[in-house]
Every structure is written in structure tokens, then in C-alpha cells.
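Undergrad: First the structure, then my questions, so here it is.
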Amino acid sequence: MSRKPLLAANWKMAQSSWAEAKAFLDEFGRLDKKIFDSVDAVICPSFFHLGAIPSPLSPFSLGAQDIHWEKKGAYTGCVSADELADRGVRWAILGHSERRRYFQESSDILQKKLLLAWGAGLVPIFCVGETREERESGKTFEILKSQIEDLKVLQDKAVPEKVFVVAYEPVWAIGTGLVATSDQAQEAHGFIRDELARHFGQALSQAVRLLYGGSVTPENFDAIAVQPDVDGGLVGGASLKAASFIRLLEILKKAKTPSVVSR
Ligand code: PGA
């Protein structure tokens, strides 16, 4: 099955003005739209900027960096999946390691979020990944396996035609300038796809797009993007400037274009 490559920008809270977001959007808007026949692009701004970007959205779609775990209610400062879907948001990053770490997001919370996002029609970009200590003590696959288990709440809901996305983001590579080698990335992605096949069956696991995240830049992305189980990237720092994000889109497109073999 062919999976359309996907590049997602995670802007985190890294911008301090609307002018920065606007500069990105203006430059991105001038990009030749033909590229979107071959790659999908998703931008995940802060909630504040998310609300300021007009809908309908073209040429990229919008994602949230998080959602609340309850449908609605008295939760000061929070945003619900339904509110986001109502504004034309189509994706939600869930389980990012910064949310797991700084906001103590547990498996229970993440399962609730997965169900709520799905129910609201948002496609989850579910993040998994090991810390440096976990990798060094040989626990990488154990950790990935247990994090993937949370996706089982979608077992009777996801079908190959409508499926979630998984981002492999080794925690030691996020924002550190350290990047997984192409072998490490392929090994983890292959493992994740096998786990998905175990829980959801072959057809669905072949339809899920797996993104690599962690210090992706135009300088290091080629080697990772060509790996067979890497279908794109989830990019933080290098997604803030349109020129660098566009370069990553071009690299991804090239990496996933079958080469013409001359006979
Ligand atoms: P980074 O962030 O590209 O800045 O390492 C990636 C992420 O946290 O999604």
C-alpha cells in the first residue's frame, strides 16, 4: 500500500508574536501548490495562533498541539476537541513527550484524549519514544511497546481508509541537536509497524503513516526520510521558518518518489 508522505510542523510555544506566524504563512502561501499532490503538510500552531489562521485552510491543514481529556466543562485555560474541530482543525498531536513530562500525562489520560479526538473527527498524531536512559539500558522496545498499547482504545474504530498517525520521537533527540541515525529510525519505525500489525492487523498497519521527530533539519532529513517505514516527519525548531519547512517538504517528496530505473 502506498502511504502519502506527511510533514507536520509543531510550533510549540516557540513564537512570541503573530508577526512571526504571519511571516511563515505569507511565504508558505507563495509555494507552488503542485507539491501537495505528493506530500501532505500540517501546521500545529499555539491555540492562540490557531484561532487567528483563517479557515478553510489551504494549502496545508491545521493541527492542535493538544486537547483536553474531557468533552467539555469547567477546565480553566483548556481547549476541547469539539471546539477545535468546529474551527476546522483536523489533527491533534497527542502524547508528546513534553506533555507526558511537564503535564504528567498518563496512559489513562492519553486513552481518553485519543477517544475524544477520534470522536470529534480529529486525526491523532500519537507520539511515542524512549528517553536516553531507557535507550542506554536497552529498554527502547519495551517502552515503545507499552506506549503503542494506548492506541488499542481505537481498535474497533480505525480502519485502513481512516487511520491515526504515529510519530516516533526519541526524547533524547527532541530539541537537543542529536538525531537518530537512519538505522535507529528505521529499526524503531519497523518495530512500531509490527506492533500495530499485532493489534490492528496487517492492512491497517500498512496504512498508518509513521513520522520521525527529533532535531530534524534540512541537513539531516534525507537519510531518515528514505527509510521504508518512515513516512514523514514531525518537526519543531526547523518548522518555524517557512524556507526551512519548505526545504523539508521538498526533501520528503524526493525521498518518496520512486526512482526511474533504466534498463
Ligand atoms: P525538534 O522538536 O524538531 O525541535 O527537536 C520535535 C518535536 O518535539 O516534535
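The values are calculated or read from the model by the stated rules, or taken from the named source; none is laboratory data. Values in this document were obtained by computation on a predicted structure and should not be read as measured data. Neighbour counts are summed over all protein chains in view; Cβ atoms, including those assigned to glycine, are modelled from backbone coordinates with ideal geometry.
Undergrad: Quick check: is even one residue across the range 139-155 within 22 Å of LEU114 (Cα to Cα), hydroxyl-bearing (Ser, Thr, Tyr) and more than 16 Å from the ligand (Cβ to nearest atom)?
TA: Scanning the range 139-155, I find at least one residue that is within 22 Å of LEU114 (Cα to Cα), hydroxyl-bearing (Ser, Thr, Tyr) and more than 16 Å from the ligand (Cβ to nearest atom), so the answer is yes.
Undergrad: So which residues in the range 79-97 are away from the ligand (no atom under 16 Å from the Cβ) and not in a loop (DSSP other than H, G, I, E, B), if there are any at all?
TA: Within the range 79-97, ALA81, ASP82, GLU83, LEU84, ALA85, ASP86 qualify.
Undergrad: Within the range 3-36, how many residues turn out to be buried (at least 17 other Cβ atoms within 10 Å of the Cβ), in contact with an Asp or Glu (Cβ under 8 Å, 6 or more places away or on another chain) and closer than 14 Å to SER61 by Cβ?
TA: The number of residues fulfilling the criteria is 2.
Undergrad: Is it fair to say ARG87 is within 19 Å of the chain's Cα centre (by Cα) and of a type in the set (D, E, K, R)?
TA: no
Undergrad: Within the range 48-78, can you find the residues that are crowded, with 19+ Cβ neighbours inside 10 Å and not in a strand (DSSP E or B)?
TA: HIS49, LEU50, PHE60, GLN65, ASP66, ILE67, HIS68, TRP69
Undergrad: Please determine, by comparing only the residues of the range 232-254 that are touching a residue at least 40 places away in the same chain (Cβ under 8 Å), assigned to a helix (DSSP H, G or I) and of a type in the set (A, V, I, L, M, F, W, C), which one is surrounded by the most Cβ atoms within 10 Å (Cβ to Cβ).
TA: LEU252
Undergrad: Now for a separate question. For the range 159-166, indicate whether the set of residues that are buried (at least 19 other Cβ atoms within 10 Å of the Cβ), within 15 Å of the ligand (Cβ to nearest atom) and modelled with pLDDT of 95 or more is non-empty.
TA: Yes, the range 159-166 contains at least one residue that is buried (at least 19 other Cβ atoms within 10 Å of the Cβ), within 15 Å of the ligand (Cβ to nearest atom) and modelled with pLDDT of 95 or more.
Undergrad: Can LEU94 be described as aliphatic (A, V, I, L, M) and farther than 15 Å from ALA167 by Cα?
TA: When the stated conditions are applied, LEU94 does not pass them.
Undergrad: With the structure loaded, tell me whether GLY175 is within 12 Å of the ligand (Cβ to nearest atom) and at positive phi or whether it fails that test.
TA: For GLY175, the condition - within 12 Å of the ligand (Cβ to nearest atom) and at positive phi - is met.
Undergrad: With the requirement that a residue be surrounded by 20 or more Cβ atoms within 10 Å (Cβ to Cβ) and polar (S, T, N, Q), what does the range 187-216 give you?
TA: SER205, SER215, listed by residue number.
Undergrad: Could you check, for the range 90-101, whether at least one of its residues is touching a residue at least 40 places away in the same chain (Cβ under 8 Å), under 24 Å from ASP156 (Cα atoms), of a type in the set (Phe, Trp, Tyr) and in contact with a Phe, Trp or Tyr (Cβ under 7 Å, 6 or more places away or on another chain)?
TA: No, every residue in the range 90-101 fails to be touching a residue at least 40 places away in the same chain (Cβ under 8 Å), under 24 Å from ASP156 (Cα atoms), of a type in the set (Phe, Trp, Tyr) and in contact with a Phe, Trp or Tyr (Cβ under 7 Å, 6 or more places away or on another chain).
Undergrad: Now a separate question. Any idea how many residues of the range 1-46 are part of a helix (DSSP H, G or I) and in contact with a strand residue (DSSP E or B) (Cβ under 7 Å, 6 or more places away or on another chain)?
TA: 0
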